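Down below is the structure, laid out as structure tokens.
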Amino acid sequence: MGSKRGSGSEVLREQLAQEAARLIVDHGIHDYGQAKRKAAQRFRVRQAGALPSNAEVESSVIERQRIFAPDSHECRLAAMRRLAADIMEFLADFQPRLVGPVLTGTVTDNAALELHVFTESPEAVLAALEAQGVSSRDCQRRYRFNGQDMTIVPGFTFSREGERVYITIFPEKGVRQAPLSPVDRRPMQRAGRRRVLALLGGEMS
């Protein structure tokens, strides 16, 4: 009996993960928790323990994109990674790192390009953007670091080539301590420009 219950539970988790992924990909929901709650409402699931993990939802997002829109997804992902490499080049003095969906490959139609930079002078970042003709505005991102409460981190946001870009500014020592990912609560993956170029197959090197 226990085996059957476990099997049914796994099937339900997979169904919920797939529904949450559909909401993320097709309806532009960014928050994994919100997507899971909406999926649970559709399946009339009330037990929080039945919900899939964020990592399971992320895997379903990748699978859904691979099955339903492989060409358009790969095209947009490559374009956003090329854009990231371009921006990282003129922000090279600030040790830029690519993070988020453009790095992990889970970009949706509404996903933004996210970069972390490291400096004690946000004004210098602003000057570098303005030198490239970029008109930006202030923004803030909320991150959690290991064992800490949410921290508000300043930055800038702007549009380039039709994509929304977020530049988040950390102290120079922040390059050694990544904030926790909202997906798996582990330190966020970060990639320097060389790795981004490698992901693009060296086409820009």
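Per DSSP H run of n ≥ 4, the term is -39500 (n - 2.57); total these for the chain, divide by its residue number, and report the mean residue ellipticity at 222 nm rounded to 500 deg cm²/dmol. That calculation yields -14500 deg cm²/dmol at 222 nm. Among all stretches of the chain without exposed chymotrypsin sites (Phe, Trp or Tyr not before Pro) (DSSP loop, at most 15 other Cβ atoms within 10 Å), which one is longest? The segment 44-144 is the longest one with no such site.
With K and R counted +1 and D and E -1, the other residues having a Cβ less than 15 Å from that of Glu130 yield a net charge of -1.
In a DSSP loop and with at most 14 other Cβ atoms within 10 Å, the trypsin sites (Lys or Arg not before Pro) in the stretch 106-205 are Arg185. If R0 equals 41 Å, the separation of the Cβ atoms of Asp71 and Gln148 corresponds to a calculated FRET efficiency of about 0.45. Within the listed set Ala127, Ala79, Ala40, the residue fluctuating most in the Gaussian network model of the chain (springs between alpha-carbon atoms under 10 angstrom) is Ala127. Between the C-alpha center of the stretch 83-121 and that of the stretch 167-187 there is a gap of 12 Å. Does the stretch 81-205 come out rounded, prolate or oblate by the C-alpha gyration tensor, with a ≥ b ≥ c the root eigenvalues, rounded set by a/c under 1.5 and, if not, prolate when a/b is larger than b/c and oblate if not? Cα axes put the stretch 81-205 in the rounded bin.
Going by C-beta contacts inside 10 Å, put Val125, Val61, Val175 in order with the fewest on the left. Mind showing how you got there, number by number?
Numbers: Val125 22, Val61 27, Val175 16.
Fewest-to-most Cβ neighbours within 10 Å comes out as Val175, Val125, Val61.
Every read-out reported here was derived from the displayed coordinates using simple, explicitly stated rules and does not represent laboratory data. Note that the coordinates shown come from a computational prediction; the quantities given were computed from them, not determined experimentally. All Cβ positions, even for glycine, are placed from backbone atoms using ideal geometry, and neighbour counts span all protein chains on display.
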